[in-house]
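A short write-up of the structure that comes next.
The values are calculated or read from the model by the stated rules, or taken from the named source; none is laboratory data. In this text, all values refer to a predicted model and were calculated from it rather than measured experimentally. Neighbour counts run over all protein chains shown; Cβ positions are idealised from the backbone, glycine included.
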Amino acid sequence: MNVFDIIGPIMVGPSSSHTAGAVKIGKAAAKLMGERIIRAQLLLSGSFYATGKGHGTPKALVAGLLGMDPDDDRIPESLVIAEKEGIKIQFGQADLQEMHSNSVLMILEGAHGRILEVIGESIGGSRINIARIDGLEANFSGDYPTLVVHNSDRPGHIAKVTGMLSVQGINIAAMRLYRQGRGQNAVMILECDQEIPKDSIEQLEKMEGIEKVTYYTLEDADEL
Amino acid sequence: MNYKTLQELVSLAQSEEKEFWEIVVKEEAISQNTQSELVFEQMRKMYQAMKRSVDQYDPNLKSPSGMSGGDGERMRRYRMNNEPIAGDFLSKIMETAIMVAESNACMKKIVAAPTAGSCGVLPAVLLVFEAEKGFREDRIIEALFVAAGIGQIIALNASISGAVGGCQAEIGSASAMSAGSVAYLEGGDMEDILHAATLALKNLLGLACDPVAGLVEVPCIKRNVSGAINAVVSAQMALAGIRSVIPPDEVIGAMAAIGREMPVCLKETGTGGLAATKTAKIIAGSLA
């Protein structure tokens, strides 16, 4: 274990899983959204729902959606900041039985009309797992630049995506494939060692058979 | 990291003729692929954040549950206006521990060390040693690497998570780490460092994690005080030449075993022990 996992991180309390982890889940969702969020429905499950209020979990999730990091002093005021920025936030309960006890389903609406559904789990310390995107398996940690491609389950789509990465000289650290059933909706998750250029992602979006491309960057957006 | 036990860390230091903390810095630099100086400066940032967490203590804050806040100020006033029974030095450590732990409960910025729930122990000890005994900041940073090395080995062979090992893994680890750093600051050798940490850990073996309403407040905040004081007294025993009969790495193994055998209701689930008392249930009910 890294020295700064023992002494650190610097974070707003009180809980690494219920506060710091929640901020990271919110921020990951905001990055996946890629456009300004105007509406968010946050449905807390398990221990997030049961003890979330006392741990500041709702505030932490919203702080993340606003682009804050776990050490941001403004986390306790995030609900007020969101309201000032005209973001409509609604809280509720979800019963995500198959997920980790600390999990949340976020339904987000963007300024350009994009709708995104993310299930995030806080899995210990302040480590997180993005478990699902738009109902399909995802399972990535947010430690790497990550490409999430929704496509129809037909031959050749994986080659298209990995071909693009190869042309760009981008190394794949881990790759996972899921599908609802043969020939139905499929998703590929690619965790990469380098950032993927924006125009490559736009090219991917236009390819035949590719339904939706979501990109998680490690870089901080200028404006969310 | 090139060591898995305390004994291996000490052997490395002896064979390379380096100090305990220097090995921790060096191994971290290798794993981050960076220079030792940069790792040292990274730790300085952690220490400065600890200092800020004390400087920015606000006695008027209350935690979202309403259970915590203001006790650090109560401790400070008692020390100022009375002849404190624990003496001035230990009293300052007590109030610093409670201030940082309360700030955490009140959603202020802290440094997890090793966890947020145990964030008051190390700063309480180190800040007061720096202020009252005139240590240079660099030497305090060295002591933080001593603490980090001990924490790494506990994390590897046992746990630093209340959900896995109970409170012994959080306050126990923080106290052991702090005891080792105190032994180092006071000029102890590596044997003293190891036994200071070990005696501190032994004193807290078996401690359950049974927080009221599942929140990092009761009994966590006040346990930061006892963890900090336990660190100082354990270090003093080691500096006096007192040794743990059970060797350091075996004590860490015992802690792991106790954690495994501890029932789930005592491992951060908020369902057993203090959390299952009549009053705790009333509090939890009022927060739902």
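Across the range A:149-180, the qualifying residues are those that are touching a Lys or Arg at 6+ places or on another chain (Cβ under 8 Å) and touching a residue at least 40 places away in the same chain (Cβ under 8 Å), and the one among them that is nearest to A:C192 (Cα to Cα) is A:V149. Kindly indicate whether B:Q42 is at pLDDT 95 or above and of a type in the set (S, T, N, Q). In short, yes.
Could you identify the single residue in B:S118, B:S36, B:S68, B:S63 that is within 12 Å of another protein chain (Cβ to nearest Cβ), buried (at least 18 other Cβ atoms within 10 Å of the Cβ) and more than 21 Å from the chain's Cα centre (by Cα)? Lay out the reasoning, then the answer.
Working: B:S118 fails: more than 21 Å from the chain's Cα centre (by Cα); B:S36 fails: buried (at least 18 other Cβ atoms within 10 Å of the Cβ); B:S68 fails: more than 21 Å from the chain's Cα centre (by Cα).
Matching residue, one of B:S118, B:S36, B:S68, B:S63: B:S63.
Of the listed requirements (1) hydroxyl-bearing (S, T, Y); (2) part of a helix (DSSP H, G or I); (3) within 24 Å of the chain's Cα centre (by Cα), B:Y3 misses just one: (2). Note on the range B:196-288: enclosed helices (runs of 4 or more DSSP H) holding 1 or more residues that are buried (at least 20 other Cβ atoms within 10 Å of the Cβ), basic (K, R) and out of contact with any Leu (no Cβ under 6 Å at 6 or more places or on another chain) are B:220-239.
So for the range A:64-72 (the condition being among the hydrophobic types (A, V, I, L, M, F, W, C) and away from every other protein chain (no Cβ under 14 Å)), does at least one residue qualify?
Initially, the range A:64-72 is screened for residues among the hydrophobic types (A, V, I, L, M, F, W, C), giving A:65-66, A:68.
Adding the requirement that they be away from every other protein chain (no Cβ under 14 Å) leaves A:65-66.
Looking for residues that are among the hydrophobic types (A, V, I, L, M, F, W, C) and away from every other protein chain (no Cβ under 14 Å), one finds at least one in the range A:64-72, hence yes.
Can B:A113 be described as under 13 Å from B:N224 (Cα atoms) and either touching a Lys or Arg at 6+ places or on another chain (Cβ under 7 Å) or within 14 Å of chain A (Cβ to nearest Cβ) (or both)? The answer is yes for B:A113. Looking across the range B:76-97 at every residue that is on the phi < 0 side of the Ramachandran plot and either within 14 Å of chain A (Cβ to nearest Cβ) or among the small types (G, A, S) (or both), the one that is farthest from the chain's Cα centre (by Cα) is identified as B:A86. Figure legend. Inter-residue proximity from the range B:48-60: first residues under 15 Å from B:M107 (Cβ atoms), second residues assigned to a loop (DSSP other than H, G, I, E, B), beta-carbon distance below 6 Å, spacing 6+ or different chains. No pairs are indicated. Restricting to the range B:267-288, name every residue that is away from chain A (no Cβ under 14 Å) and more than 18 Å from A:S15 (Cβ to Cβ). B:G272, B:G273, B:A276, B:T277, B:K278, B:T279, B:I282, listed by residue number. Among the residues of the range B:105-153, the one identified as without any contact (Cβ under 8 Å) to a residue 24 or more places away in the chain and either in contact with a strand residue (DSSP E or B) (Cβ under 8 Å, 6 or more places away or on another chain) or among the β-branched types (V, I, T) (or both) is B:A112. Could you list, in sequence order, the residues of the range A:85-116 that are within 21 Å of A:D220 (Cα to Cα) and surrounded by 14 or more Cβ atoms within 10 Å (Cβ to Cβ)? Passing the criteria: A:I87, A:M106, A:L108, A:E109, A:G110, A:R114, A:L116. In summary, B:S68 fulfils each of the numbered conditions (1) in contact (Cβ under 8 Å) with a residue 40 or more places away in the chain; (2) among the polar types (S, T, N, Q); (3) in a helix (DSSP H, G or I) with the single exception of condition (3).
Could you pull out the residue among A:P14, A:P76 that is within 20 Å of B:E217 (Cα to Cα), in contact (Cβ under 8 Å) with a residue 24 or more places away in the chain, part of a loop (DSSP other than H, G, I, E, B) and within 14 Å of chain B (Cβ to nearest Cβ)?
Values: A:P76 fails: part of a loop (DSSP other than H, G, I, E, B).
Matching residue, one of A:P14, A:P76: A:P14.
Residues that are touching a residue at least 24 places away in the same chain (Cβ under 8 Å), buried (at least 24 other Cβ atoms within 10 Å of the Cβ) and either on the phi > 0 side of the Ramachandran plot or within 14 Å of another protein chain (Cβ to nearest Cβ) (or both) do occur in the range B:179-191.
The residues of the range A:35-56 that are of a type in the set (V, I, T) and at the interface with chain B (Cβ under 10 Å from one of its Cβ atoms) amount to a single one, A:T51. Output yes when any residue across the range A:74-84 is in contact with a Leu (Cβ under 7 Å, 6 or more places away or on another chain) and either surrounded by fewer than 19 Cβ atoms within 10 Å (Cβ to Cβ) or β-branched (V, I, T) (or both), and no when none is. Within the range A:74-84, one or more residues are in contact with a Leu (Cβ under 7 Å, 6 or more places away or on another chain) and either surrounded by fewer than 19 Cβ atoms within 10 Å (Cβ to Cβ) or β-branched (V, I, T) (or both).
Do you know which of the residues in the range A:21-55 that are among the charged types (D, E, K, R) and part of a helix (DSSP H, G or I) is farthest from A:P76 (Cα to Cα)? Don't jump to the end; show me each part of the working.
Just the residues of the range A:21-55 that are among the charged types (D, E, K, R), to begin with: A:24, A:27, A:31, A:35-36, A:39, A:53.
Checking which are part of a helix (DSSP H, G or I) leaves us with A:24, A:27, A:31, A:53.
Numbers: A:K24: 15, A:K27: 15, A:K31: 21, A:K53: 12 Å.
Once the filter is applied, the top-ranked residue is A:K31.
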